[in-house]
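**Student:** Got a structure for you, written out below as structure tokens; questions coming shortly.
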Amino acid sequence: MSWTEPTARDRRRLLTRTESVTIIGASANPSRPSFFVASYLLSSSRYRVHFVNPRLDSLLGRPVYPSLAEVPDVDLVSVFRKHDDLPGVAEEVIEAGARTLWLQLGLWHEPVADRATEAGLDVVMNRCVKIEHARFAGGLHLAGFDTGVISSKRADFA
């Protein structure tokens, strides 16, 4: 095991510097986690949000790109794909010039993380970008989760 998980401080730094989030595997099914994350990011973040799914034309009023290569600006890429697809997805993310490869909850692939890290990307695995954003923005309490935030003031993070 050579890959080291970024700390909470590192993840906050990644999300703070991020300008756009591209969701690979975006779904139009409201019961799918990718739909929930997409809805949250569009309504509660400052990010430019892009979607990739070759089977969709639009999602939540936004265009859906058939491949990552067609997305206009790629910064953080959040991946909702099956484990066996991850090596190919990582190569696409590297080729697109992303700064961060983010594998959603349940996705853990150390060879992919090592490859992306060697290519200069930051990597997060088995974490939800929505949960992490909400946690650092102090918004998880709105969804009924215990944030551990003692202050009643929202953090200066969007």
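**Student:** Of all the residues that make up region 98-132, how many are assigned to a helix (DSSP H, G or I) and of a type in the set (A, V, I, L, M, F, W, C)?
**Tutor:** Number satisfying all stated conditions: 5.
**Student:** For region 36-64, which positions are in contact (Cβ under 8 Å) with a residue 24 or more places away in the chain and in contact with a strand residue (DSSP E or B) (Cβ under 6 Å, 6 or more places away or on another chain)?
**Tutor:** Leu41, Tyr47, Arg48, Val49, His50, Phe51, Val52, Asn53, Leu56, Leu59, Val64
**Student:** Right, next: Tally the residues that are over 17 Å from Phe35 (Cβ atoms) and open to solvent by 40 Å² or more (accessible area, probe 1.4 Å), restricting the search to region 97-109.
**Tutor:** Selection size over region 97-109: 3.
**Student:** So, Gly61, is that one open to solvent by 10 Å² or more (accessible area, probe 1.4 Å), at positive phi and out of contact with any Leu (no Cβ under 6 Å at 6 or more places or on another chain) or not? Lay out the reasoning, then the answer.
**Tutor:** Numbers: open to solvent by 10 Å² or more (accessible area, probe 1.4 Å): yes; at positive phi: yes; out of contact with any Leu (no Cβ under 6 Å at 6 or more places or on another chain): yes.
Taking the combined requirement at face value, the residue satisfies it.
**Student:** Within the bounds of region 25-47, is there any residue that is assigned to a strand (DSSP E or B) and crowded, with 16+ Cβ neighbours inside 10 Å? Working first, answer last.
**Tutor:** Taking region 25-47 and keeping what is assigned to a strand (DSSP E or B), we get none.
Looking for residues that are assigned to a strand (DSSP E or B) and crowded, with 16+ Cβ neighbours inside 10 Å, one finds none in region 25-47, hence no.
The values are calculated or read from the model by the stated rules, or taken from the named source; none is laboratory data. Every value quoted in this text rests on a predicted model; they were computed, and no experiment measured them. FYI the Cβ positions are ideal-geometry reconstructions off the backbone, even for glycines, and counts take in every protein chain you see. Accessible surface is based on the protein model in full, side chains and every heavy atom, while ligands, DNA and RNA are left aside. Shrake-Rupley method; radii C 1.70, N 1.55, O 1.52, S 1.80 Å.
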